[in-house]
Each structure stands twice: as C-alpha cells, then as structure tokens.
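Chemist: Mind looking over this structure? Questions follow.
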Amino acid sequence: MAKIKRIDHVAIAVTDVEAAVKRYVGILNAEHIRTIELQEKAGPVKVAYMRIGETILSLIQSIDEDGFINKHIEKRGEGLHHLGLEVDDLDEFVRNIEKNGYTVPLHDEFSNRREVILRPKETCGVIMQIMEWTKGNDSTIEDRIKRIFNLDNL
C-alpha cells in the first residue's frame, strides 16, 4: 500500500497574492520563497510559496475572474483551500482508493510532480491534493524549497 510521507503544504485561497504575502510576512514572520503563475488543469493561478518554520504554505489566487479559486472564495471566503499530501507511490495510491470505491476526479502533471485531487465530499469537507514529487531530494525543508524553485508547467 502506498505510504503518505507528510503534509507537503497547506494551501490558502486568497483574492490578492501580493497583499497576502505581506500579511503572512508581517504577522507570522513567514519567508517568501517564490511566486509563480501556473496553468493547472482546473485553470490558471498565481501561487506564492511561503516558509513558516518547517512548513510550506501556498497562497493561491485565480488569474481568471471566474477561476476555481474565486469560485471557492465566493462560497467559503478566503482561507483554507486544500491540504497537499506527499505520497511515495501515486499510482499505487490511486489504485487502492479506486479499489475501495472512491473516485479521482482530477489528475495533473508538472515538471517535477504528479498529483491527483480528492473531492471534499469524500474527505470530510477538505480538498486533498495527493502528490508525488518526481525530481529532487526531500530530506530537509531546504531540499523541499529547492523543488519549489524547480517547479514549472510542462
């Protein structure tokens, strides 16, 4: 059975990434790592990666007015969007959950990771992003930050 290695990151839905970065730096002394625009299957987003201690936060803003993050904010307001969980074998994870009757509505791939999204109705109200990094070491937070700098769309 596939093993979940860790919570890779916590993602926060925001309406303005730059303003959110300033808040997290000012309130929590978070370290801004990188801001990047990504073309995800669900739509284009701007993501700011932040470090707080040994934890990575991603602040996510829709680029399109009718983007999926804005739709999320319309329903629930700014705040928790999803938990990113790192798994050691994504294919095995997907086979196991589908065998148990759950569905995987979205698969996506980037330059150094593959991921699936689990619906909040199946995970007690929280969107779960299950991901497998395909390049880079992850033994320290610094290694994980290096992966963020290498992240790009395919």
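The values are calculated or read from the model by the stated rules, or taken from the named source; none is laboratory data. Since the structure is predicted, the reported quantities are computational estimates derived from the model, not experimental observations. Every residue, glycine among them, receives a Cβ derived from its backbone with ideal geometry; neighbour counts consider all protein chains shown.
Chemist: Hey, among the residues in segment 106-124 that are farther than 18 Å from VAL10 by Cβ and out of contact with any Leu (no Cβ under 8 Å at 6 or more places or on another chain), which one's surrounded by the fewest Cβ atoms within 10 Å (Cβ to Cβ)?
Modeler: Out of the qualifying residues, it is LYS121.
Chemist: List the pairs whose first member sits in segment 20-40 and is in contact (Cβ under 8 Å) with a residue 60 or more places away in the chain, whose second member is part of a helix (DSSP H, G or I), and whose Cβ atoms are under 8 Å apart, counting only residues at least 6 apart or on separate chains?
Modeler: Qualifying pairs under 8 Å: ILE33/ILE145; ILE33/ILE148; ILE33/PHE149; ARG34/ILE148; ARG34/PHE149.
Chemist: Restricting to segment 104-154, give me the number of residues that are without any contact (Cβ under 8 Å) to a residue 12 or more places away in the chain and either closer than 18 Å to GLU54 by Cα or charged (D, E, K, R) (or both).
Modeler: Qualifying residue count for the region: 7.
Chemist: Being at pLDDT 85 or above and surrounded by 18 or more Cβ atoms within 10 Å (Cβ to Cβ) is the filter here, so list the residues in segment 129-146 that pass it.
Modeler: Hits for segment 129-146 are GLN129, ILE130, MET131, GLU132, TRP133.
Chemist: Shifting gears a bit: Quick one: which of GLY101, GLY67 is at positive phi and either crowded, with 18+ Cβ neighbours inside 10 Å or free of Cβ contacts under 8 Å to residues at least 60 places away in the same chain (or both)?
Modeler: GLY101
Chemist: I've got another one for you. Residue check, THR15 against (1) within 24 Å of THR140 (Cα to Cα); (2) part of a loop (DSSP other than H, G, I, E, B); (3) touching a residue at least 60 places away in the same chain (Cβ under 8 Å), all met but one. Which one?
Modeler: So THR15 meets the others, but not (1).
Chemist: Which ones in segment 37-53 are in contact with a Lys or Arg (Cβ under 9 Å, 6 or more places away or on another chain) and either surrounded by fewer than 15 Cβ atoms within 10 Å (Cβ to Cβ) or farther than 19 Å from ILE141 by Cβ (or both)?
Modeler: GLU37, LEU38
Chemist: On to the next question. Can you work out which of the residues in segment 109-118 that are more than 17 Å from ILE7 (Cα to Cα) and of a type outside the set (Phe, Trp, Tyr) is modelled with the highest pLDDT?
Modeler: Applying the filter and picking the extreme gives GLU109.
Chemist: Check whether at least one residue in segment 28-35 is in contact with a strand residue (DSSP E or B) (Cβ under 6 Å, 6 or more places away or on another chain), among the polar types (S, T, N, Q) and closer than 19 Å to ASP143 by Cβ, and report yes or no.
Modeler: no
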